[in-house]
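First the structure, in the form of structure tokens, and then the observations on it.
Every number here is computed from the coordinates shown, using simple stated rules; none is lab data. Owing to the predicted nature of the structure, the values given are computational and were not obtained by experimental measurement. All Cβ positions, glycine included, derive from the backbone under ideal geometry; neighbour counts span all protein chains shown.
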Amino acid sequence: MATKTSTARRKFLTTLGVGGAAAAAIAVSKTPAPAQRTPNQPAAPSKGYQLSEHVRNYYRTAKV
């Protein structure tokens with residue numbers, strides 16, 4: 001009787017493992033691919049760092 005219970009438990013745990021792996025594979029496969037910029041599409045212009053009055057005020061007050 002102990003062997004029958006042990007075998008059933010082992011099959012159950014194996015099924016859980018396989019089911020979890022399958023669910024993870026499905027979840028990963030459904031994620032959309034990241035959008036890529038085409039070569040003829042210009043890059044968006046970047047303003048970058050700008051020294052504004054607010055930033056100057058911060059630098060002035062943060063001096064040690």
Query raised in the report: What list of ³J(HN,Hα) couplings, whole Hz, do you get for the stretch 12-22 from phi and the Karplus terms 6.51, -1.76, 1.60, once you set θ to phi - 60° and write x for glycine and proline?
Result: 4, 5, 5, 4, 4, x, 5, x, x, 5, 5
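Using a Förster distance of 25 Å, how high is the FRET efficiency between Lys4 and Ile26, based on the Cβ-Cβ distance and rounded to 0.05? Each step should come with its number before you reach the end.
Numbers: r = 33 Å, r/R0 = 1.32.
Result of the calculation: an efficiency of 0.15.
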